[in-house]
Amino acid sequence: MKLHHWPKISVIAAKRNGFLSRNFVNSYQNAPQLKLCPEESVSKLLDRRWALENPDTKLHLITISMKETPAKGGVFWNVNFSMDANPKLGDAMMDERCKDPSFYVIRDDLLHPFVNGNKARKLDALLPMIEDCSGTDVVTCGGCQSAHAAAVAVSCAERGLRSHLLLRGEEPEILTGFNLISSIYGNVIYVPRSLYARREEMLLRHANVIAGPSGSVVWLTDILDNFIELASGKYCTQTKANRNTEDGMRKVVIVKEGAGDAVALLGIIRLLRYLSQSHILGEKRPYNFMIDAGTGTTAIGFALGALILGLPWKVTAVMLADSYDGYKNQENRLISDFKRYAPADLRNYELKDDLVQWVNRDTPRKFGNVLEGEIKACQQVANQTGVPIDPIYTLAAWELAVQLSQKQPDKEEKVVMLHTGGTLGMFGLAQRYKSYFSTLKDGPPQ
């Protein structure tokens, strides 16, 4: 008999008590003056096994200067960039005053050669959870050039899990970019768009096929319900050692597209705690973080983490793949889910107004499209700073960081861009936008 849920053996059901009020946080105009959560609460929240050995990341400083002879056109027609790979951090930041506008870049794109930084953070707590609950296989889905699917494929392979990736559409003639990585590391199946539109039905059907008549299937959200408490780091009583049992039964875990579940927030909160150390960004100085938003999970995790840690930090997210209402619904859903598993001593922590400042991209377009001049802009940034960006995601955050830095160069509140990765996506785009990429041979804009 095929099971759709793993047996709940000696499992204490998740606590349902609330942690946050229904009002949300942190207006754009004024970062909240918040009382720090007890250190014990934060430590409890982050006391667990992680996929990443440590939360460390690099910070680089980008300085903007005006061109002596502005170009005739282009995204960055009137500015040049330079990069400092070893900027002053901690208290030394307070003493440094740049005459030119500048912003910091969190180089999470350097975490892994094939896994985007934001994906690595989302999987940081998720994968150990699957292991601790004896999972053998992971089923997920995404577009043909899905960074999420590639991240799951690579990360599962590195941990001895089997991944099964349902990709929307037809197999491309040439495998490249994230699609190539998914095909090398995971088991890829291409799904017609008509079937892909019913994602949950599609995922469950395929998971049942993998499990077979003697295996079992569970959604990631059901694993969350089998917690003692999200903050305990303790999951179901099965152990990793049981994952390769002699009976050969498969235990298949379904992870939704984008891995946008509450557990994904934990790795992001772990990153914020690292950044808030006194020798990095510290806890007192205000920052405004620029984040490109696909599902919006990373931006929401950043803002929630800042609130929990009592940091005077704001989060501005560029909406790329959904409407304002869509992102607000995602924000509300993730906070609601997070409340269900929060430690008891955080339940009375109050939120108000909005958690994230959601903003439109300056040049709106259908998600996934590239406009003329954007490939050249990416070339200019890479040539002048050594930082690779892509036109779909990170260029949007870079543009906003440049604009805000120029508007308030002397303001105490510093601009920080989170570089989420995405460079592998350029290989797929090169097949779709041949005319734009052909201009690269002329060299970067001068």
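Over the stretch 62-188, the Kirkwood radius and the radius of gyration, each from Cα atoms, give a ratio Rg/Rh of 1.16. Go ahead and run the numbers for FRET between Leu440 and Arg250, Cβ-Cβ distance against an R0 of 45 Å, rounding to 0.05. For R0 = 45 Å, the calculated efficiency reads 0.45. Sorting the Cα pairs of the stretch 247-322 by distance into bins of 10 Å, from 0 upward, gives 18, 43, 23, 10, 6, 1 percent per bin. Three principal axis extents of the stretch 127-196 based on alpha-carbon atoms, in descending order, are 37, 24, 15 Å. A straight chain from Ile184 to Ala197 at 0.36 nm per residue would run longer than the Cα-Cα distance by 2.1 nm. Of the chymotrypsin sites (Phe, Trp or Tyr not before Pro) found in the stretch 367-446, the ones in coil according to DSSP and having at most 14 other Cβ atoms within 10 Å of their Cβ are Phe367. With each label modelled as a point 7 angstrom along the Cα→C-beta vector, the Arg361-Arg159 pair spans 3.1 nm. On the principal axes of its alpha-carbon atoms, the stretch 37-109 has extents of 55, 30, 22 Å, going from largest to smallest. The residues of the stretch 319-446 present an accessible area of 46 Å² per residue when probed at 1.4 Å with all protein chains retained. Computed over Cα pairs, the Kirkwood radius of the stretch 271-398 leads via Stokes-Einstein (0.890 mPa s, 25 °C) to a diffusion coefficient of 151 µm² per second.
The values are calculated or read from the model by the stated rules, or taken from the named source; none is laboratory data. Keep in mind that this is a model prediction, so the values were computed, not measured. As a convention, Cβ positions derive from the backbone with ideal geometry for all residues, glycine included, and neighbour counts pool all protein chains shown. Just so you know, the surface numbers come from the protein's heavy atoms only, side chains and all, with ligands and any DNA or RNA stripped out. Shrake-Rupley method; radii C 1.70, N 1.55, O 1.52, S 1.80 Å.
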